[in-house]
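Here's the structure, in structure tokens; my notes come after.
Every number in this text was worked out from the coordinates using simple rules, so none of it is lab data. This is a predicted model, so every value here is computed, not measured. Don't worry about glycine lacking a Cβ; one is built from the backbone with ideal geometry, like all the others, and counts go over all protein chains shown.
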Amino acid sequence: MNTLPTVKHIVAVASGKGGVGKSTVAVNLALALSKKGLRVGLLDADIYGPSQALMLGARVKEGLEVVDELLLPVKLHGIESMSISFVSSERTPAIWRGPMASGAMEQLLMKTKWGELDVLLVDMPPGTGDIQLTLAQKVRVSGAIIVTTPQNVALLDARKGIEMFRRVSIPVMGIVENMSIYVCPECGHEDRVYGSGGGLSVAKEYGTELLGEIPLNSKVRECSDEGQPIFSKDSENLFNEIFLKIADRVQEFLDSSTVPVPSLKISDD
Ligand SMILES: Nc1ncnc2c1ncn2[C@@H]1O[C@H](COP(=O)(O)OP(=O)(O)OP(=O)(O)O)[C@@H](O)[C@H]1O
Ligand SMILES: [Mg+2]
Ligand SMILES: [Zn+2]
């Protein structure tokens, strides 16, 4: 079991289902933790559908700098970030282009020159496949945050996600329910578009907690698409409040977790 020498805690942001808002939660939570004074890194583990470059507004045309055969992460919005989309540039050294096809996530994780970090958030791809298992097997993961919408299909997949992390002995820190409620900007009426109470009931079912509920709001998507996350370092908004509360819980969890227990080795048979 490896540890990243400069990283105190690794936290996975995951779900069973695609499109529920993992990347959105990962980015905004990263900024909230950073606002609280933690040193934060963000790894985009979604190799086939990387989204961090877009969400953080990264423009890495020249390729990344390499020091001691390690890639320097991109510093944006006060956090260190790494994504496959940063290294696919033609000017990335050949030693880096070669191995990317296989074990790309592992390469990004291990071969990045992360600074001294309190927490490295890993934005996982959807599902419970290879990349999830690789992360669990290669490094100590302090905890996982499960993102879901209140919809039944999403909750079903959230359960699968929770069960997978349990199998590899990674504690589930809690559940973030995204797209919980829609508040009409015209008249203020509220609509539970995807149903209600699902995140809380799954949290109870598994003896974990509901870390927060994030409203469905077109500004969230617009901000992401513009590379300027909804969590704003400089101004106050509802989303700041919500993500700061989640960040408080995450920090408490990490502070109270002693040296993380190595996850179980999964054998091939
Ligand atoms: N609370 C929200 N309100 C409005 N739009 C949202 C919200 N959360 C996420 N979105 C939008 O929904 C889409 C999917 O979100 P996101 O990319 O974060 O999901 P994901 O779970 O990471 O998806 P994938 O499984 O493809 O990695 C994006 O366009 C995002 O901007
Ligand atoms: Mg994503
Ligand atoms: Zn209305």
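Here are the numbers for the structure shown:
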{"item": "Other-chain or far-sequence residues with amide H under 5 Å of V147's (modelled H)", "result": "A14, S15, V176"}
{"item": "Cα-based equivalent ellipsoid of the chain: semi-axis lengths in Å, sorted from largest, via gyration tensor", "result": "28, 22, 17"}
{"item": "For the chain, share of DSSP beta bridges that run antiparallel, in % to the nearest 5", "result": "20 percent"}
{"item": "Efficiency of FRET between S235 and T6 - r from beta-carbon atoms, R0 35 angstrom, step 0.05", "result": "0.65"}
{"item": "Angle between the chain longest axis and helix 152-167 axis [Cα atoms, degrees, rounded to 10]", "result": "40 degrees"}
{"item": "Contour excess over end-to-end distance, with Cα ends at S201 and D255 and 0.36 nm allotted per residue", "result": "16.8 nm"}
{"item": "Efficiency of FRET between C187 and D130 - r from beta-carbon atoms, R0 35 angstrom, step 0.05", "result": "0.15"}
{"item": "Given charges at beta-carbon only (K, R positive; D, E negative), |dipole| of the chain in Debye", "result": "400 debye"}
{"item": "Highest-first arrangement of 28-40, 70-82, where packing means the average Cβ count within 10 Å", "result": "28-40, 70-82"}
{"item": "Order of E116, E177 under a 10 Å beta carbon neighbour criterion, fewest first", "result": "E116, E177"}
{"item": "Dipole of the chain [Lys/Arg +1, Asp/Glu -1 at C-beta], most positive-end residue of V13, I170, P50", "result": "I170"}
{"item": "Over 26 Å (Cα to Cα) - which of K8/K111; K22/K113; K204/K233; K75/K233; K8/K138 fall in this group", "result": "K204/K233"}
